[in-house]
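The values are calculated or read from the model by the stated rules, or taken from the named source; none is laboratory data. Since we're looking at a predicted model, the values are computed, not measured. In this analysis, Cβ positions are derived from the backbone assuming ideal geometry, glycine residues included, and neighbour counts consider all displayed protein chains.
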Amino acid sequence: MSERIDKPSTTLPPGQWSFTRWKTIGQLEALEVQHPLFEAALTLQGAHLVHFSQTNESNWLWLSDLARFQPGRAIRGGIPVCWPWFGDPSRNPPAIRANIKTPSAHGFARTALWQLEDVNESAHEVEISLSLNTSDDFSELWQGHALALITFNFSLRGCQIALTTTNLSKTPMALSQALHTYLPTPDIAGTRLLGLGNSQYIDTLKDWSYATQDGPVYFEGETDRIYESGDRLVATTPERRTKLTGFGSDSTVVWNPGPEKSKRLSDFPDTGWQNMLCVETANAAGDYRVLNTGQSHTLGVLIERG
């Protein structure tokens, strides 16, 4: 990271902050939090959290060693914001597909430049809010007008993220979305995900067929499933337990690219699949949401140590 850079006066003056500083990561503007109790870093592009940890701990999030911080390029790792659609547009419900004008997956929020709204600090926590107003800026990609407001709350307890979407258009708006959380593990073979037992899921690797989860989720190769559950989850690795409590969500995406797909992914080590898993708090598949004019919906997740 480079030295602090000055920002326009439309944002809070950095001198009023005790723990938060402007930084650049690669070619991207970012905010870095160095609190006595915890540390965090997020980029304005994508409202993308790339680091959170308690002080003197390793990153709670997995970030690819090959991640590139460049304008217009999605960051591999951390917590990308998939919005206002999740996944392949062609696999979304018709009400969502009708507004999408591009074949690109996961929407445009993760490469869009978000606006800083507020930074609030105390002796116990730091809260940062960013916004994205779609208006006409994304009319070539999407037919809709919405305001996305994302708030990050960092504390000794953990990290909470809340993404609120408000429909500013004159007609109902359908959306799917996800907070695409990458978690680290020293060994994917010794990792399991608890809390999805008996849940139905769509296995996208088996022609989107339905199955029922029997016990914990284990990772034995490529995994790409959409679970019909928004219950609290616990990811257990040989090093740690991480609790994920979602809200505004009745679906969870579980993903690991496995050995073959890892070799085809951009900015991803060939063996990276052995050291990560994704547990995504979502509104996906049948859990997509429809907002009437002026209506809002909040999707969020609280990440804590188990």
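Structure notes:
- Any hit, segment 253-275, residues being of a type in the set (S, T, N, Q) and under 20 Å from ASN153 (Cα atoms): no
- Of all residue pairs spaced 6 or more apart or on separate chains, those with beta-carbon atoms under 8 Å, a first member in segment 149-169 that is of a type in the set (Phe, Trp, Tyr) and a second member that is buried (at least 18 other Cβ atoms within 10 Å of the Cβ) and not in a strand (DSSP E or B) are PHE154/HIS35.
- Residues (assigned to a loop (DSSP other than H, G, I, E, B), within 16 Å of ALA30 (Cβ to Cβ), touching a residue at least 60 places away in the same chain (Cβ under 8 Å) and in contact with a strand residue (DSSP E or B) (Cβ under 8 Å, 6 or more places away or on another chain)) located in segment 63-74: ALA67
- Unmet requirement for TRP60, which otherwise passes all of (1) part of a loop (DSSP other than H, G, I, E, B); (2) touching a Lys or Arg at 6+ places or on another chain (Cβ under 7 Å): (2)
- Subset of segment 13-32 (residues that are in contact with a His (Cβ under 9 Å, 6 or more places away or on another chain), closer than 25 Å to ARG110 by Cα and in contact (Cβ under 8 Å) with a residue 60 or more places away in the chain): THR20
- As a summary of the residue check, GLY144 satisfies the conditions (1) modelled with pLDDT under 95; (2) over 20 Å from SER176 (Cβ atoms); (3) not hydroxyl-bearing (Ser, Thr, Tyr) except for the one numbered (2).
- Condition met for LEU132 (surrounded by fewer than 17 Cβ atoms within 10 Å (Cβ to Cβ) and modelled with pLDDT of 95 or more): no
- Any hit, segment 80-99, residues being closer than 28 Å to SER18 by Cα and not in a loop (DSSP other than H, G, I, E, B): yes
- Screening segment 227-277 for strands (runs of 3 or more DSSP E) wholly inside it with 3 or more residues that are hydrophobic (A, V, I, L, M, F, W, C) and within 17 Å of ILE79 (Cβ to Cβ) returns the ranges 251-256.
- Residue within segment 227-238 that is farther than 17 Å from HIS180 by Cβ, of a type in the set (A, V, I, L, M) and surrounded by 16 or more Cβ atoms within 10 Å (Cβ to Cβ) present: yes
- Enumeration of residues in segment 167-193 that are surrounded by 18 or more Cβ atoms within 10 Å (Cβ to Cβ) and among the hydroxyl-bearing types (Ser, Thr, Tyr): SER176, THR181, TYR182, THR185, THR191
- Sole residue being among the charged types (D, E, K, R) and assigned to a loop (DSSP other than H, G, I, E, B), chosen from ASP136, ASP118: ASP136
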